[in-house]
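Single-structure report; data block below.
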Amino acid sequence: MEQEERHHPRLQLHPPSCSSHPAATRDLPIPRPPPKPPTNNIPIPPSPSPHLPITPTSSPSSKPTSPPPNLTPQSLIKFLRSNLRHHPLFAHHDFAVFNWASTLDAFRHDHDSFLWMSRSLAATHRFSDLRRLLSFVAANPCPCASGIFSCPKLEPLFRSAIDSYCRAGKMDHALSGFDTMKRLIDGKVNVGVYNTVLNGYVKARDMDKALKFYKRMWKERVKLDVCTFNILMNGYCKSEGFGKGKVEEGVRMAYEMIELGCGVSVATCEILVDGLCREVEKLCGENKVDRAVEMVEEVGGTPCLIACTTLVEGLRKSGRAERRQSFGEGDDECRLGS
């Protein structure tokens, strides 16, 4: 055993020392120390946002907005009249509130809210909004309208809007509103609405369109009244139609009015006399006394006092004393009216 141990010594497992391999230690690089972590460039995490609890009032809902339980057309009108109508800053927002109410599922405008909004827009000259309102009325019938008959308050509603358009000289809008109303209402349109449009053309001094609309009234078998003829005769006088040889037209309308049973009103006489006197005065001022006399004779009847006085003065200045007696100078033949 001793011999075996002598020939086979024990293996000692010891790591080789560095001193035993000097060449290997010289070839190995010296490790560098790790860099120090920067202390000034560490990003600061953002502060957490405050927690906002979501409540049922702030969370979005898929359900439509619920209207106030007591919102009715009458309560809406009361709100607009008392809170917005005379407010210096918010008065022009009444139509926006009106449109907002239209979006509510459980709310419907009626003829009262339509009429109030129409008059408010017309009074403040918001004619573009007024036109949009009329289009909305045409597309959304009043609750009182049944499936067969329309709302009976549609004509007053449109008539108010048409009158405001005519006063502002917006005759295209007026005619468009008239045609829309005529399509919506039941039965025939009242002659007063026709007269409103006719008078609008006369006020705009557009006699060609006035006569065209007058012919439309005949075609649609409208029952004409005294106002219809007075409007046209007034248009002839104001547009100097008498001076353009339209005396016969004015007189013809007066006779036509009588034949239709309308009768000649005081306003009719005043219109004819006013136009006649102004034209006679104009002709006498231009030394066209003979034409002035012919005009008075064409009208027929006893000339009025103003026309007589004007003619007599014109004849006197022109030295036509023989014609002065035919107009009753100095007696009572000349009198107001015919």
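When segment 152-187 is limited to residues that are of a type outside the set (Lys, Arg) and part of a loop (DSSP other than H, G, I, E, B), the one that is surrounded by the most Cβ atoms within 10 Å (Cβ to Cβ) turns out to be ILE185. Here's a check for you: in segment 100-132, which residue that is among the hydrophobic types (A, V, I, L, M, F, W, C) and under 17 Å from ILE185 (Cβ atoms) is surrounded by the most Cβ atoms within 10 Å (Cβ to Cβ)? Looking at the filtered set, the residue picked out is PHE114.
Rundown of residues vs (1) out of contact with any strand residue (DSSP E or B) (no Cβ under 6 Å at 6 or more places or on another chain); (2) more than 30 Å from MET117 (Cα to Cα); (3) of a type outside the set (D, E, K, R), yes/no style:
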site: SER164; (1), (2), (3): yes, no, yes
site: LYS188; (1), (2), (3): yes, no, no
site: LYS203; (1), (2), (3): yes, no, no
site: ASP206; (1), (2), (3): yes, yes, no
site: PHE213; (1), (2), (3): yes, no, yes
site: MET233; (1), (2), (3): yes, yes, yes
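Cβ separations smaller than 9 Å between residues 6+ apart or across chains give the following pairs from segment 62-78 residues that are at pLDDT 75 or above and surrounded by 10 or more Cβ atoms within 10 Å (Cβ to Cβ) to residues that are assigned to a helix (DSSP H, G or I) and of a type in the set (Ser, Thr, Tyr): PRO73/SER113; GLN74/SER113; LEU76/SER113; ILE77/SER113.
Per-residue answers, yes or no, for (1) closer than 22 Å to ALA123 by Cβ; (2) touching a residue at least 60 places away in the same chain (Cβ under 8 Å); (3) among the hydrophobic types (A, V, I, L, M, F, W, C); (4) in contact with a helix residue (DSSP H, G or I) (Cβ under 6 Å, 6 or more places away or on another chain):
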{"residue": "LEU154", "(1), (2), (3), (4)": "yes, no, yes, yes"}
{"residue": "ILE162", "(1), (2), (3), (4)": "yes, no, yes, yes"}
{"residue": "TYR165", "(1), (2), (3), (4)": "yes, no, no, yes"}
{"residue": "ALA168", "(1), (2), (3), (4)": "yes, no, yes, no"}
{"residue": "HIS173", "(1), (2), (3), (4)": "yes, no, no, yes"}
{"residue": "THR180", "(1), (2), (3), (4)": "yes, no, no, yes"}
{"residue": "TYR194", "(1), (2), (3), (4)": "no, no, no, yes"}
{"residue": "VAL197", "(1), (2), (3), (4)": "yes, no, yes, yes"}
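Could we say that TYR214 is under 27 Å from ASP129 (Cα atoms), assigned to a helix (DSSP H, G or I), among the aromatic types (Phe, Trp, Tyr) and within 26 Å of the chain's Cα centre (by Cα) here? In short, no.
Rundown of residues vs (1) among the β-branched types (Val, Ile, Thr); (2) in a helix (DSSP H, G or I), yes/no style:
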position: HIS93; (1), (2): no, yes
position: PHE98; (1), (2): no, yes
position: HIS109; (1), (2): no, no
position: SER113; (1), (2): no, yes
position: VAL137; (1), (2): yes, yes
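MET181 passes every criterion in (1) of a type outside the set (Phe, Trp, Tyr); (2) touching a Phe, Trp or Tyr at 6+ places or on another chain (Cβ under 6 Å); (3) modelled with pLDDT of 95 or more apart from (3).
The values are calculated or read from the model by the stated rules, or taken from the named source; none is laboratory data. Small disclaimer: the values here were computed from a predicted structure and weren't measured. Every residue, glycine as well, gets a Cβ built from its backbone with ideal geometry; the counts of neighbours run over all protein chains shown.
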